[in-house]
1. Report yes if some residue within the stretch 201-210 is away from the ligand (no atom under 16 Å from the Cβ), closer than 27 Å to Thr52 by Cβ, touching a residue at least 12 places away in the same chain (Cβ under 8 Å) and not acidic (Asp, Glu); otherwise report no.
2. Mind checking whether some residue in the stretch 162-170 is farther than 24 Å from Gln90 by Cβ and not aromatic (Phe, Trp, Tyr)?
3. Is it the case that some residue within the stretch 129-141 is over 25 Å from Gly32 (Cβ atoms) and under 12 Å from the mean Cα position of the chain (by Cα)?
4. Please go through the stretch 3-18 and pick out each residue that is out of contact with any helix residue (DSSP H, G or I) (no Cβ under 8 Å at 6 or more places or on another chain) and either of a type in the set (S, T, N, Q) or assigned to a strand (DSSP E or B) (or both).
5. Can you pull out every residue in the stretch 52-68 that is of a type in the set (A, V, I, L, M, F, W, C) and either touching a strand residue (DSSP E or B) at 6+ places or on another chain (Cβ under 8 Å) or within 10 Å of Val19 (Cα to Cα) (or both)?
6. With the condition kept exactly as written, say whether any residue in the stretch 4-19 is of a type in the set (Ser, Thr, Tyr) and either under 21 Å from Leu136 (Cα atoms) or modelled with pLDDT of 95 or more (or both).
Amino acid sequence: MTETAVRVLAERAVAGGGVPRYELTEWREEYGVAAGVTARDHAFDLSLHSETPIGTAMGRWQALRHAVGAGFEAMVVSRQVHGCELGVYQGQASGFLIRDGLDGHVSDAAGLLLAVTVADCIPVYLLAPGGSLGLLHAGWRGVAGGILERGVQTLCEVAGASPAELVMHCGIGICGACYEVGPEVSEAVLGHAPAEATALDLRDVLTNRAQVLGVGQITTSPWCSAHDNDRFYSHRRSGGADGRMAAYLGRVPT
Ligand SMILES: [Zn+2]
């Protein structure tokens, strides 16, 4: 079996609906799927551990849902814990769902917009034939814990598909040059520890793991949240001061 090639696929700036964001315009055209991430200066959180008033935070989420596409009846977001637990949604969904302790979502529900928050961690977008989707929040802890493997397996079960039928994109997050980590992180993610701090490219690790899983199509974003910090939020570059971006994925209702 030949290894799947990894292509670069760039998100493009769009501002429809008054929410500046970056989208995979090819995915909307080819698959009828909205996949993207909000831009800087439009912080997304659940206002539980932040200074944002709850009304403001909820208003931003609602604005995002409407901006991404008419007909999204529901949206789901979670208080993330850098773990590997996923929510699974099948059938119909409605309203604004807030879950606890999940770092990703898998769905075949029509009209449901999946969302995770990121600022350096990688949003991983997965598509299966028939319209089922998965969206993962993959930082080093999630990658080390196997969130990609969990996400691919869960989506394959929901869709009745094989990994070779899946399409995957590693979205906007921190690049290797901007992400120096200690030996304990390298050990956890790569299984071997260099003597000193070293660069870790999470998207390289994710695409390598996806190749091992046999994912059929793999693309990766050229954007870096730290390099391109005028467009995106970076937890690392800001020393923790930056907000969070909302990554989203949903089949556009017809
Ligand atoms: Zn960078």
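1. Taking the stretch 201-210 first, the residues away from the ligand (no atom under 16 Å from the Cβ) are 207-210.
From what's left, closer than 27 Å to Thr52 by Cβ: none.
For the stretch 201-210, residues away from the ligand (no atom under 16 Å from the Cβ), closer than 27 Å to Thr52 by Cβ, touching a residue at least 12 places away in the same chain (Cβ under 8 Å) and not acidic (Asp, Glu): absent.
2. Keep residues of the stretch 162-170 that are farther than 24 Å from Gln90 by Cβ, which gives 170.
From what is left, the residues that are not aromatic (Phe, Trp, Tyr) are 170.
Within the stretch 162-170, one or more residues are farther than 24 Å from Gln90 by Cβ and not aromatic (Phe, Trp, Tyr).
3. Start the filter on the stretch 129-141 by keeping residues that are over 25 Å from Gly32 (Cβ atoms), which leaves 139-141.
Narrowing further to those that are under 12 Å from the mean Cα position of the chain (by Cα): 139.
Checked the stretch 129-141: at least one residue is over 25 Å from Gly32 (Cβ atoms) and under 12 Å from the mean Cα position of the chain (by Cα).
4. Correct list: Arg7, Val8, Ala13.
5. Start the filter on the stretch 52-68 by keeping residues that are of a type in the set (A, V, I, L, M, F, W, C), which leaves 54, 57-58, 61, 63-64, 67-68.
Once the filter is applied, which keeps residues that are of a type in the set (A, V, I, L, M, F, W, C) and either touching a strand residue (DSSP E or B) at 6+ places or on another chain (Cβ under 8 Å) or within 10 Å of Val19 (Cα to Cα) (or both), the stretch 52-68 yields Met58, Trp61, Ala63, Leu64, Ala67, Val68.
6. Within the stretch 4-19, the subset of a type in the set (Ser, Thr, Tyr) is 4.
Within this subset, residues satisfying the condition of being either under 21 Å from Leu136 (Cα atoms) or modelled with pLDDT of 95 or more (or both) are 4.
Yes: the stretch 4-19 contains one or more residues that are of a type in the set (Ser, Thr, Tyr) and either under 21 Å from Leu136 (Cα atoms) or modelled with pLDDT of 95 or more (or both).
Yes or no, residue by residue, for (1) among the aliphatic types (A, V, I, L, M); (2) free of Cβ contacts under 8 Å to residues at least 24 places away in the same chain; (3) within 16 Å of the ligand (Cβ to nearest atom); (4) buried (at least 16 other Cβ atoms within 10 Å of the Cβ):
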site	(1), (2), (3), (4)
Arg150	no, no, no, yes
His169	no, no, no, yes
Glu180	no, yes, yes, no
Gly214	no, no, no, no
Asp230	no, no, yes, no
Asp242	no, no, yes, yes
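Yes/no per residue for (1) more than 14 Å from Gln80 (Cβ to Cβ); (2) in contact with a Ser or Thr (Cβ under 8 Å, 6 or more places away or on another chain); (3) part of a loop (DSSP other than H, G, I, E, B):
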position	(1), (2), (3)
Val124	no, no, no
Gly130	yes, no, yes
Leu135	no, no, no
Arg141	no, no, no
Glu157	yes, no, no
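The values are calculated or read from the model by the stated rules, or taken from the named source; none is laboratory data. Note that the structure is a prediction, hence the values are computed from the model and not measured. Here the Cβ is made from the backbone with ideal geometry for all residues, glycine too, and neighbour counts use every protein chain on show.
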